[in-house]
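Student: The structure is given below, and queries will be raised subsequently.
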Amino acid sequence: MNKKLRIPKSNTKRLIVVMVIFALVGVGLLIRSRAATGDASIEAENGTIVTPAMKASDANASGGQYLKFTGTTASSITLPARAAFYYPWFPETWTVNGAHVFYNPLLGYYDSSAQSVVDSHIKAMDYAKINVAIASWWGKSTHSENTRIPQILSRTQALGSSLKWGFYYEKEGSTNPTVAEIQADLAYIRDTYASNPAFARVGGKPVIFVYNADDTTCEVADRWKQANQGYNFYIALKVFTGYKTCTSQPDSWHQYAPSQAADSQAGYSYAISPGFWRADEAAPRLARDLTRWQSNVGSMVASKAPWQLVTTFNEWGEGTATEAAQDWSSASGYGQYLDALHNQ
């Protein structure tokens, strides 16, 4: 197929942007600039274009349609990456089974919907050299996700942060969603969030970690592989005994076990926890020890694991937060646990 380049003089800047995309995509492209509207568009003969785009109609385009770019290109992160589990569900969870959390966040017992809180969290994670925040997600409209997540993404961009956001798919931890249910959720996430430049991608795939806590066989890997066909998400499942032998393999594996100070899943992830003390339990399962934490941070970095996981940034109900608190304040204002991450 012949490739024609038409260059209206009034559209030189847009052409430069299109040519950069052309070089990065590396597939056969037809580059067109539409003088009447000023819109730049790209038609792909083959391959995948990873950028916010929508289908638009044009009788002159092949098949009568072309891709119209609608925003900033969503770039992929480079592994290894430092990631932290993040919980946008306050004030709903300042108590666990009626028991109030033990620790005292420096921001007070905040509301996750407050912009000032979101801004402070983004700045704190930037300080701690966190590349990806894995936000707890229970489904459409749960924990005000339809307002809180858009604010998180927009404030990340507004602050000029390089932080990216992925989701922690929580429903798999208490139920076994069907393939159709998972596909409905993936479609919603894709259409609502995944094209946002602040949403995490690896190799062009939007990132979802899955909390499959009640699954102990390869069935969960089979089910997610089937559900993800045609959606092309980057899926990181939670490990179980024998996970490496599963025929269906996700993109990665992780452990979520904050009662353990450190956990290594060679070739996939390395997770560390500052401590674990649920609000409704009389004693901690893992007592806090700043010296141990500093050592664990060093071991995590030295592991060079693709995913270096902080469990967690702000899960106050289980007492695993590393966010600044009166209980571990420091001169930086970010607290001793984030200081340790900042310094390594």
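Student: Tally up the carbon and sulfur contribution to the accessible surface of segment 289-344 as a whole percent, 1.4 Å probe, everything protein left in place.
Tutor: Carbon and sulfur atoms account for 44 percent of the accessible area of segment 289-344.
Student: How much accessible area does Phe102 have with a 1.4 Å probe, in Å² rounded to the nearest 10?
Tutor: Here the residue's solvent-accessible area equals roughly 80 Å².
Student: Which peptide among 90-97, 130-137 comes first, and what is the full order, when sorted by highest mean count of other Cβ atoms within 10 Å?
Tutor: The densest-packed peptide leads the list: 130-137, 90-97.
Student: Compute the FRET efficiency between Ser174 and Asp280 as 1/(1 + (r/R0)^6), taking r as their Cβ-Cβ distance and R0 = 22 Å, and round to the nearest 0.05.
Tutor: 0.80
Student: Additional query: First check a/c for segment 249-298, with a ≥ b ≥ c the square roots of the eigenvalues of its C-alpha gyration tensor; if it is under 1.5, answer rounded, and if not, answer prolate when a/b is larger than b/c or oblate otherwise.
Tutor: In terms of gyration-tensor shape, oblate.
Student: Over the C-alpha atoms of segment 121-268, what are the Rg and the largest Cα-to-Cα span, Dmax, in Å?
Tutor: According to the Cα coordinates of segment 121-268, Rg and Dmax are 15.3, 44 Å.
Student: Using a 1.4 angstrom probe with every protein chain in place, what is the largest-first accessible-area order of Tyr109, Tyr86?
Tutor: Most to least solvent-accessible, the answer reads Tyr109, Tyr86.
Student: Subtract the Cα-Cα distance of Ala114 and Thr95 from 0.36 nm times their separation in residues, and report this length gain in nm to one decimal.
Tutor: Using 0.36 nm per residue and subtracting the Cα-Cα distance, I get 4.9 nm.
Student: Further question: Once you have the Cα-Cα distance between Ser332 and Lys304, take 0.36 nm times their residue separation minus that, and quote the gain in nm to one decimal.
Tutor: Full extension of this stretch gives 7.4 nm more.
Student: Of Thr175, Ile235, Cys218, which is farthest on the positive side of the dipole of segment 125-276, counting Cα position, with +1 on Lys and Arg Cβ, -1 on Asp and Glu Cβ, and the Cα centre as origin?
Tutor: Ile235
Student: How much accessible area per residue does segment 270-344 have, counting only protein heavy atoms and a probe of 1.4 Å, in square angstrom?
Tutor: 37
Student: Additional query: At 1.4 Å probe size, with the rest of the protein present, what percent of the exposed accessible area of segment 135-269 is carbon and sulfur atoms?
Tutor: Its accessible area is 47 percent carbon and sulfur atoms.
Student: So how strong a dipole does segment 231-334 carry about its Cα centre when Lys and Arg Cβ are +1 and Asp and Glu Cβ are -1, to the nearest 20 debye?
Tutor: It comes to approximately 340 debye.
Student: Sum up the charges of everything whose Cβ sits under 14 Å from the Cβ of Ser248, counting Lys and Arg as +1 and Asp and Glu as -1, but leave Ser248 out. Write out the running numbers ahead of the final one.
Tutor: Numbers: positive: Arg223, Lys225, Lys244; negative: Asp215, Glu219, Asp222, Asp251.
Local net charge: -1.
Student: Can I ask one more? Skip the ligands, DNA and RNA, and give the accessible area per residue of segment 133-239 with a 1.4 Å probe, whole Å².
Tutor: Numbers: 3950 Å² over 107 residues.
On a per-residue basis, 37 Å².
The values are calculated or read from the model by the stated rules, or taken from the named source; none is laboratory data. Keep in mind the model is a prediction, meaning the values are calculated, not measured. Cβ: placed from backbone, ideal geometry, glycine included. Neighbour counts: every protein chain shown. The protein model used for the area step is the full one, side chains on, heavy atoms only, and it has no ligands, DNA or RNA in it. Shrake-Rupley method; radii C 1.70, N 1.55, O 1.52, S 1.80 Å.
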